[in-house]
Amino acid sequence: MADEPSIRLMADTDLSQVFSLIDRENWGWEFHEIRRIFALDTRNSIVAEIDGDIVGLITLINFGKTAFIVHVIVKEGWRKKKLGARMMRDALQNLDSLGVDNVELHAMPDAADFYNQFGFKKVEEISFFCKHRGTGGFQDTVDPPMDAEFRLLDSDETLSLSECQARMMGFHECDFQYALNTDLPECPVGRIVGGSTTAMLIARKGSDLNPLGPWFMNHPDRKTARAMLRYVIARLPDRRTDVGISSSNELAKEIFLDEGFSLMTEGVVRVSRSARAVSPFPRELLAIGHLGVI
Ligand SMILES: CC(C)(COP(=O)(O)OP(=O)(O)OC[C@H]1O[C@@H](n2cnc3c(N)ncnc32)[C@H](O)[C@@H]1OP(=O)(O)O)[C@@H](O)C(=O)NCCC(=O)NCCS
């Protein structure tokens, strides 16, 4: 019998144990999302294991220049024994050696201070909203007003969205190119005027829930934003739909509440560990990506 857990890379065969540990926290993650995270990056998530039992994990996606840590969990009974700190140091050392220059994560309010010791700094607060199935809106076909000009994009157009996503979110364009190439969204909607993208909303059709975002709009106004959201939601399967927004974005909050979304979690802290200054998301970013970047 080993004395302490050893830390190793996560493997495909770990996913059901990994999901069980995540599911105990009741954060609402579904198994297919854990699969999606692993499919986006099979090489950098880690687990802590002892005698065949997974007692700690960090799931993360290295997009290239930016990495997003999705889950950090130590199993009850193993907490406060420095295992979380050991896993964080291993994961960050690995990302540093790969040339990642910004690591972000969304920390639960009571765990945000845990990340200070690794050089993470608070950037802003994030709120999560969701719309439950059967609460209307999904099956109505809502067309945009004649002057809105937004529509479903084809795959070439979607891939070219990386430039405006990078500009809006302050990340490197190569990170979005990687994400879109690896995980092309099923429902990308854009407003393209004179060859430039003036609004875009990416939605995915999950098997259990639809992740929504990122969403940005130049000079957002309530009427156009609501029409765009309805246009997208009408094209999604009638499932729970989740979205995250900057807590300070009052317009986004109003729009999601008006469209039947309800507040799920607030006070989540967006923290960043970066050599350069990281700014809060701009007002034009009405929703952030479900996995930080996408
Ligand atoms: C947060 C968590 C991963 C920390 O793992 P852990 O193995 O218990 O933490 P460690 O023993 O490595 O703690 C190292 C240091 O961080 C501090 N720390 C641990 N959890 C903390 C928290 N929630 N807030 C602030 N500081 C914390 C400890 O006090 C310790 O500091 P010390 O060395 O000065 O005593 C673990 O408590 C956990 O799984 N919690 C439930 C899931 C969760 O909330 N995950 C984070 C979501 S963002």
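Throughout, read-outs are computed from the coordinates displayed, never taken from laboratory work. It should be emphasised that the depicted structure is a prediction, and the values quoted were computed from it without experimental measurement. Quick reminder, even Gly has a Cβ in these numbers, built from the backbone with ideal geometry, and neighbours come from all protein chains shown.
Sequence-ordered 3J(HN,Hα) estimates for the range 71-88 from the Karplus curve with 6.51, -1.76 and 1.60 and θ = phi - 60° stand at 10, 10, 9, 10, 5, 4, x, 10, 6, 6, 10, 6, 5, x, 5, 4, 5, 4 Hz, glycine and proline given as x. Here the simple spin-label model places points 7 Å from the Cα toward Cβ, and for LYS81 and LYS121 these points are separated by 3.5 nm. Only aspartates and glutamates eight or more places from LYS253 in sequence, or on another chain, were considered; those with a Cα closer than 18 Å are GLU124, GLU125, ASP221, ASP242, GLU266, GLU284. Given in Å, the Rg to one decimal and the Dmax to the nearest whole number for the Cα atoms of the range 6-100 are 12.5, 35. In order along the range 186-203, the Karplus-derived 3J(HN,Hα) couplings, from 6.51 cos²θ - 1.76 cosθ + 1.60 at θ = phi - 60°, round to 7, 10, x, 10, x, 10, 10, 10, x, x, 10, 7, 9, 7, 8, 9, 9, 10 Hz, and Gly and Pro are given as x. Relative to one another, the C-alpha centroids of the range 162-227 and the range 253-294 are positioned 14 Å apart.
For PHE38, neighbours were defined as the other residues whose beta-carbon sits under 12 Å from its Cβ, and their charges (Lys and Arg +1, Asp and Glu -1) total -2. Helices in the chain, meaning DSSP H runs of at least 4 residues, each add -39500 (n - 2.57). Divided by all residues, the mean residue ellipticity at 222 nm is -7500 deg cm²/dmol. When the alpha carbon coordinates of the chain are projected onto the principal axes, the ranges are 68, 41, 32 Å, largest first. Here the label points at ASP53 and SER274, each 7 Å from Cα along the C-beta direction, are separated by 4.0 nm in the simple model. Between the beta carbons of LYS65 and ALA111, assuming R0 = 22 Å, the FRET efficiency works out to 0.30 to the nearest 0.05.
Once you mark the trypsin sites (Lys or Arg not before Pro) that are in a DSSP loop and have at most 15 other Cβ atoms within 10 Å, what is the longest gap between them in the chain?
Details: sites that count: ARG24, ARG43, ARG79, LYS80, LYS81, LYS82, ARG133, LYS205, ARG276.
Answer - 134-204.
On alpha-carbon atoms, Rg over Rh for the range 144-294 using Kirkwood Rh?
Values: Rg = 14.6 Å, Rh = 15.7 Å.
Taking Rh as the inverse mean 1/r over Cα pairs, Rg/Rh reads 0.93.
Length gained on full extension, ARG133 to GLU254, computed as 0.36 nm times the residue gap minus the Cα-Cα distance: 41.6 nm.
Of LYS75/LYS205; LYS82/LYS121; LYS65/LYS131; LYS65/LYS223; LYS65/LYS122, which pairs sit farther than 26 Å apart, going by alpha carbon to alpha carbon? Before the final figure, lay out each step's value.
On the way: LYS75/LYS205 31 Å; LYS82/LYS121 21 Å; LYS65/LYS131 32 Å; LYS65/LYS223 36 Å; LYS65/LYS122 19 Å.
Flagged as over cut-off: LYS75/LYS205; LYS65/LYS131; LYS65/LYS223.
In this structure the amide hydrogen of ARG240, modeled in the peptide plane, comes within under 5 Å of the amide hydrogens of ARG133, ASN210, none closer than 5 places in sequence on its chain.
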